[in-house]
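Visitor: Handing you this structure, nothing more for now.
Computed from the coordinates by the stated procedures, all read-outs in this text should not be read as laboratory data. All figures in this text were calculated on a predicted structure; none of them were measured in a lab. So basically every Cβ, Gly included, is an ideal-geometry build from the backbone, and we count neighbours across all protein chains shown.
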Amino acid sequence: MVDAPLLEAVRVGSLEDVRRRLAATTDLDTRSHAYEYTALELALALGRVDVARLLLDAGADPNAASANDTDALTVAIEEFGEASHPLIELLLDHGARPSDAALWAAAQAGDLWAVDCLLAALSAESASSHDLEALEGALLAAAVRRGDAALFERVRARSDEMSASSLQWAFEAAADSGQSGMWGRLRQLGEPDLPRALQSAVLAFLRNGTPAQYDLLRRITREAGPAAASQLFAFAVTCGLDVSDRSEALLSLARECRGDLEARDARGMTALLMAADRHHIQHMRRLIALGADRDVRDPDGQGISAYVERWPQSVRLSEARAFLAELGLPTERPAGSQRSPSRDPIGLAVVLGLAIAAGILAVVLLLHALGLL
């Protein structure tokens, strides 16, 4: 059974309340169904250092097993970031073993001190078993995301050469956070995968729409060229139901960078076909107003009407049909419904049965001719 009284004392009680509950508790490391924490982890999450120290002195296990990789070090780092340093030292002094989750949490927080402290607490063999390259990539991305030039240089100085994966991670962090200055620093170290960085920049701009994010999005789009700019039309219509200032900004940027309104994705879909498939009627109107071909067809010859008809359960079907009628487009069979004629399974069974019977008859006649029957 869960020892709820101890956990409640840790949550709201005084230090003396916790002492009294400790005296009556047999298992200090049972996890609460309500909190998913041990008493020690709950104390750390609440920042109750005095309670955490009391629990450790009473024998609480900082390495208590968890189904979701939660451990005391990870909880402290995730809850308090760089303010967790005293807690990290306290836990290490009481035998906490740095886990992958704790190292990863420290690296993603950009806490170089914590990463080094945790690695130093491991044996040389155990430390070398961790993916140090990935940890440095996470640290570099964290430095980029918050625009911390000092941390950036400290992380970069740890390796003679940053790996391509670490650099790409950092490029995408810059694109996501709109850190143009950091993008320039990274450009001095290597080349990004521009389509991936562009996707990060677009999604970040659609999510937050800050001027800094737009400025870097524009820079990346110009660097990536017209083919990448063409993708902005699709992003504009697939990442939101209605036309907005942000989707309009994407459309304007795509045109500014000479994007192709009729560009197709790997499935042969244009932005207009994608909008029709989603019943994004405002986007369909906007794309056609910009010059999109209303008679466009996919590789199977199906047009925007076929994609509108594809989803009969849609609450916007009537509105989409009305828009197509306004355009003068005929109704088509739903996209994906044009299949080769189905075969009659009964007819197939009859043919197969006749073939088997004929084979048996031929064998019987042969045996009879040989005098074996």
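Visitor: Which length gain, in nm to one decimal place, applies between H85 and D265 when the Cα-Cα distance is subtracted from 0.36 nm times their residue separation? Present the calculation step by step, with values, prior to reporting the outcome.
Guide: Values: separation 180, 0.36 × 180 = 64.80 nm, distance 4.87 nm.
Fully extending the segment from H85 to D265 adds 59.9 nm.
Visitor: Working out 0.36 nm times the residue gap between D116 and L203, then minus their Cα-Cα distance, what length gain in nm do you get to one decimal?
Guide: That works out to 28.0 nm of additional length.
Visitor: Once R0 is set to 22 Å, what does the formula 1/(1 + (r/R0)^6) return for the Cβ-Cβ distance between Q282 and L329, expressed as a FRET efficiency to the nearest 0.05? Walk me through the numbers on the way to the answer.
Guide: Values: r = 17 Å, r/R0 = 0.79.
Here the calculated transfer efficiency is 0.80.
Visitor: Relative to the longest principal axis of the chain, what angle (0 to 90°, nearest 10) does the C-alpha long axis of helix 345-369 take?
Guide: The angle comes out near 70 degrees.
Visitor: Given labels modelled 7 Å from the Cα in the Cβ direction, how far is it in nm from Q188 to R97?
Guide: Modelled inter-label distance: 4.3 nm.
Visitor: Okay, moving on. Stretched out fully, how many nm does the piece from S244 to R222 gain, at 0.36 nm a residue minus the Cα gap? Write out the running numbers ahead of the final one.
Guide: Values: separation 22, 0.36 × 22 = 7.92 nm, distance 2.25 nm.
Additional length available on full extension: 5.7 nm.
Visitor: What is the calculated FRET efficiency for N63 to S14, with r their C-beta to C-beta distance and R₀ = 30 Å, to the nearest 0.05? All intermediate terms of the calculation are to be shown ahead of the outcome.
Guide: Details: r = 28 Å, r/R0 = 0.92.
Calculated value: 0.65.
Visitor: Same structure again: Using θ = phi - 60° and the Karplus relation 6.51 cos²θ - 1.76 cosθ + 1.60, list the HN-Hα couplings for the stretch 206-222 in order, rounded to whole Hz, with x at every Gly or Pro.
Guide: Karplus-based 3J(HN,Hα) across the stretch 206-222 equals 5, 6, 10, x, 7, x, 5, 5, 5, 4, 6, 4, 5, 5, 5, 4, 5 Hz.
Visitor: Using a Förster radius of 35 Å, what is the FRET efficiency between R297 and A212 based on their Cβ-Cβ separation? Nearest 0.05, please. Mind showing how you got there, number by number?
Guide: Values: r = 41 Å, r/R0 = 1.16.
Result of the calculation: an efficiency of 0.30.
Visitor: Applying the Karplus parametrisation 6.51 cos²θ - 1.76 cosθ + 1.60 with θ = phi - 60° to the phi angles of the stretch 179-184, what ³J(HN,Hα) value in whole Hz is obtained for each residue in order, glycine and proline being reported as x?
Guide: Karplus values, whole Hz, x for Gly and Pro: 8, 5, x, 5, 4, x.
Visitor: Report, in degrees rounded to the nearest 10, the 0 to 90 angle that the Cα long axis of helix 245-256 makes with the longest principal axis of the chain.
Guide: Between the helix axis and the principal axis of the chain, the angle is about 60 degrees.
Visitor: Can I ask one more? In the chain, which longest range has no trypsin sites (Lys or Arg not before Pro) that are both DSSP loop (not H, G, I, E or B) and surrounded by at most 10 other Cβ atoms within 10 Å?
Guide: Values: sites that count: R267, R339, R343.
Longest run free of exposed loop sites: 1-266.
Visitor: Can you work out the Karplus-derived ³J(HN,Hα) for every residue in the stretch 229-235? Use 6.51 cos²θ - 1.76 cosθ + 1.60 with θ = phi - 60°, whole Hz, and x for glycine or proline.
Guide: Once θ is set to phi - 60°, the couplings for the stretch 229-235 become 4, 4, 5, 5, 4, 5, 4 Hz.
Visitor: When Rg/Rh (Cα atoms, Kirkwood Rh) is calculated directly from the model, which label among (1) 1.21; (2) 1.16; (3) 1.05 fits?
Guide: (1)
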